[in-house]
Amino acid sequence: AEVVIVPSAAEAGEIAADAIAAQVSSRADSVLGLATGSTPLTTWKALAALSLDLSRVRGFALDEYVGLPAGHPENYRSVITREVVEPLGLTPSLVRVPGDDGPAQGAGERYEDAIVAAGGVDLQILGIGRTGHIGFNEPGSSLASLTRVKTLTQQTRIDNARFFPSLEDVPTHCITQGLGTILRARHLVLLAFGSAKAAAVAAALEGAVSAGTPGSVVQLHPRVTVILDEDAAADLE
Ligand code: F6R
């Protein structure tokens, strides 16, 4: 992987936004893989500042909670609409979220088919959880896994409780692209900020490739850009 260490999350976002801009200028209907959570926010902000026409860009979210009502503000569909589609001028119908087309039964296969039909993901934005997850592939996820329903770990529910009134309101299940799905994207851009991510980043980039360290699958991919602030990079050799 190419590892870039910058002083701030804002600068990291500018680098990631430049990578997206280069991708979209090569093809206006490029396919982006979209992460939610706090990490990509500086990327979306920097991308918005470039004022590109992104109306033909297609998007596939990494994951979605299972069990939140459709209009719930923390639904990843709502989050993507609020934080990505509207500020960046994407076309809502061109952005997909796992499970957005009907019952959870079969939703994983349908999402995989939709990604293939779109020609695959050109550039996948990734964050990483403290548990080492990418998407919601928690430790123990098969390295070849595809989009499916998973249980969230208690640690991840605690980490995401900041978006909900209380821990009990955080869903217990999600539908997430698999590690195998993520590996099919042509370019992975992994961002991480803050000391809470340092151990997960070091394990992913320098540890053994294993299902116990889901982020370590980036070591199997030929084109990975990792953009870190100094705190997130602190445990690297
Ligand atoms: C979100 C996702 C997760 C997050 C990770 C980090 O779609 O797939 O893997 O990227 O939980 O979350 P933040 O960025 O909030 O620290």
(request) Starting from residues that are among the β-branched types (Val, Ile, Thr) and under 21 Å from Thr147 (Cα atoms), keep the ones in the range 179-223 and report whichever is surrounded by the fewest Cβ atoms within 10 Å (Cβ to Cβ). (result) Val209
(message) Within the range 68-97, take every residue that is of a type in the set (Val, Ile, Thr), without any contact (Cβ under 8 Å) to a residue 60 or more places away in the chain and over 20 Å from Leu167 (Cα atoms) and give me the one that is surrounded by the most Cβ atoms within 10 Å (Cβ to Cβ).
(response) Val84
(message) Tell me which helices (runs of 4 or more DSSP H) are completely within the range 24-120 and hold 3 or more residues being farther than 20 Å from Gln177 by Cβ, or say none if there are none.
(response) 41-49
(request) Residue by residue through the range 179-224, note down the ones that are of a type in the set (Gly, Ala, Ser), in contact with a Leu (Cβ under 6 Å, 6 or more places away or on another chain) and closer than 27 Å to Ser26 by Cβ. (result) Gly180, Ala192
(request) Can you give me the number of residues within the range 101-141 that are surrounded by fewer than 20 Cβ atoms within 10 Å (Cβ to Cβ) and over 17 Å from the mean Cα position of the chain (by Cα)? (result) 15
(request) With the condition kept exactly as written, say whether any residue in the range 6-18 is under 24 Å from Ile115 (Cα atoms), within 16 Å of the ligand (Cβ to nearest atom) and either of a type in the set (Ser, Thr, Tyr) or part of a loop (DSSP other than H, G, I, E, B) (or both). (result) no
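Here, each number is a calculation from the coordinates, and none is a lab measurement. Fair warning: this is a prediction, and the values are worked out from it, not measured in the lab. Positions of Cβ are generated from backbone atoms using ideal geometry, with glycine treated the same way; all protein chains shown enter the neighbour counts.
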